[in-house]
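Below: the structure, in structure tokens.
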Amino acid sequence: MHGHLVLPPRFSGGPAVTGTGVPHFQVLARRYRPQIFPDVIGQDTIVRTLTNAITRDRIAHAYLFHGTRGVGKTTMARLLAKALNCAKGPTHEPCNACDSCREVTGGTAVDVLEIDGASHNRVDDVRDLQESLNYQPVRDRYRVVIIDEVHMLSRSAFNALLKTLEEPPGHVIFILATTELEKIPATILSRCQHFTFRRVSRADLHRHLEKIAGLEKLKLSANSLSMVARQAAGSVRDALSALDQVVSFCGAEAADADVEAVLGSLPAARVDELLLHITSGNPGGALSALRASEDRGDDPARFAEALLLRLRDLSVLAAVGVDTDLVEASAEERKELAAMAEQVGEDALVRLFQMASQLEPALRHSRHPRLLMELTALKMVRAADLTPLSELAARLMAPGVTGSLPAASPPPSPRPQAPPANTGAGAARGPGTAAPGDSNPRPAPGPANPSQTTAAGSALDMDRLRAAVENRRPAVAAFLEHAEGALVDGVLHLTFQPRHSFFKKSVEMPANVEALQQAMREVLGDGVTLRLGLAERDLPAPTPAPEKEADQRRRLLDDARNQPAVRSLRNVFGGEIVNIQPADPRSDAGSRETES
Ligand SMILES: [Zn+2]
């Protein structure tokens, strides 16, 4: 037999200690590990699917459980093993009284192999396993093989495992569990029935904590419990570990302030402190916050994850406003977060969110996680400080214009990219692009465009048109300052330079188009259609003295590098300008048009 593969059930946290220094018999997460399917919280769909499969005798030969830590993957795997091997089974209601059930609970069932993929990741480990699987179950119906952290297997180990998954012995059920789906080969994935475990909602966690606090006779306020639920970020195990910590420091009766003090020692609280320094442009404070996190013994990966989740919530609130169920938080907390989101601004938050999404996978491959965190924090301070596009747009508006940007047209933002899977140190680098438009140099304020006529068109009084628009929507009038107007054959062409495409987009908002069309009817009469277009390129700068092409290119590159906006972008994202395309002043700029 291969007894070395059978691991004792793992404890979910360090042994907690009561106020008197007497160790708890069991940590809460272990004492309250669900032993029947209905006790599993927050994974209803998976429970339903699995219990149906058991009832209908449609058990797959391989399952893959995927999800973040502490959401119930191993618990579910053991429940499934129990259900399959219960003396009264297979049943979706294992009795928890027969030898098989009790041994699974105790982690000693000889037909249930629980393997830690991290420490048994070699091909020889898998071969040993395969050899042992040739034997029939010792006593029970199935041999159930649970491989935790299966993504840690080496390539050759995966290949060996694949052979077994392709032709599994009839008495063997595999349950693979992982936190990192992207590291599982597609060939393995395709042979498993795949379940994704969700983070448990804060409301579910709160109810669970309430129940356990009641059973443990803990005197904790609802507010304390919601603090615990909040910092657990969807992980049942983390929530119960935090509760353990509260009890071990404060005893069974804790005031909110005490609970807060204990939880303050958890990463989530320090993440908020870090973000405060990042968004207030304080690199020294940001580094101190990281140092505090290190002194407290935070795991960098957990810290980075907490940071990512926080920035996600803030970005969502900045994008959709405070009235959303997309951010799991109490109403008061959501209001606080929304205020912070508004202060920082959506552009900056999305940039920070994106950087945090790249930090987490990069940390896994870094040999210097602390340095990587510091580097990212410093970059974040810079990224948070870039002038928001909306502010630039406001500055570009002609003086005296009282209108503001329409609330319904947030500036375009880069979408957060999916975290790269295995890019090693490369993943530490920032994104190659920034929010479009941020690098626009601020054009010198010019005079309003003169009224235009064309050979084929009638006179167009842009000033009158703008005034008519201003009465309806002042902001649109400001946007029109940047448009060239031409009235040709009953069509009003409004053309923006590419660097002003943001204004064109803003004018294209339905409400703005409507205001513009009303103004057109007033000034130009009925029957004029509107076309908004973008010029082929920006208006050329004054022609420089002739110079050799190579010299010109070098000068342009230097100029570009020294643009303040480009400089801060490069400081933040670490990119390099590899080429620059001078606008050709001689060519006749055509125009692309879109119809409105
Ligand atoms: Zn049983």
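The values are calculated or read from the model by the stated rules, or taken from the named source; none is laboratory data. Keep in mind the model is a prediction, meaning the values are calculated, not measured. Here the Cβ positions follow ideal geometry from the backbone for every residue, glycine too, while neighbour counts run over all protein chains shown. All accessible areas refer to the heavy atoms of the entire protein, side chains included, with ligands and DNA or RNA removed. Shrake-Rupley method; radii C 1.70, N 1.55, O 1.52, S 1.80 Å.
The base-10 log of I(q)/I(0) for segment 25-196, evaluated at q = 0.12, 0.13 Å⁻¹, reads -0.50, -0.60 [Debye formula, identical scatterers on Cα atoms, solvent excluded]. As a rough guide to protection, the peptides 318-324, 276-282 ranked by mean Cβ packing within 10 Å, highest first, stand as 276-282, 318-324.
The listed peptides 229-240, 39-50, ordered by packing as a protection proxy, come out as 229-240, 39-50 (highest mean of other Cβ atoms within 10 Å first). As a ratio to 2.2 N^0.38 Å, the alpha-carbon radius of gyration computed for segment 260-328 takes the value 1.18. Of the solvent-accessible surface of segment 212-308, computed with a 1.4 Å probe over protein heavy atoms with every protein chain present, carbon and sulfur atoms account for 52 percent.
Ordering SER288, SER293, SER248 by accessible surface, largest first, gives SER288, SER248, SER293; the 1.4 Å probe counts only protein heavy atoms, with every chain in place. Note on SER154 and GLN193: the extension gain reaches 11.9 nm, defined as 0.36 nm multiplied by sequence separation minus the Cα-Cα distance. Across the alpha-carbon atoms of segment 202-263, the computed radius of gyration and Dmax are 9.9, 25 angstrom.
Ligands, DNA and RNA excluded, the heavy atoms of HIS493 present near 40 Å² of accessible surface to a 1.4 Å solvent probe. Net charge of the neighbourhood of SER156, taken over other residues with C-beta under 12 Å away and scored Lys/Arg +1, Asp/Glu -1, is +2. Accessible surface of segment 25-196, 1.4 Å probe: 48 percent of it comes from carbon and sulfur atoms.
On the basis of the beta-carbon distance and an R0 of 35 Å, LEU162 and ALA97 show a calculated FRET efficiency of 0.40.
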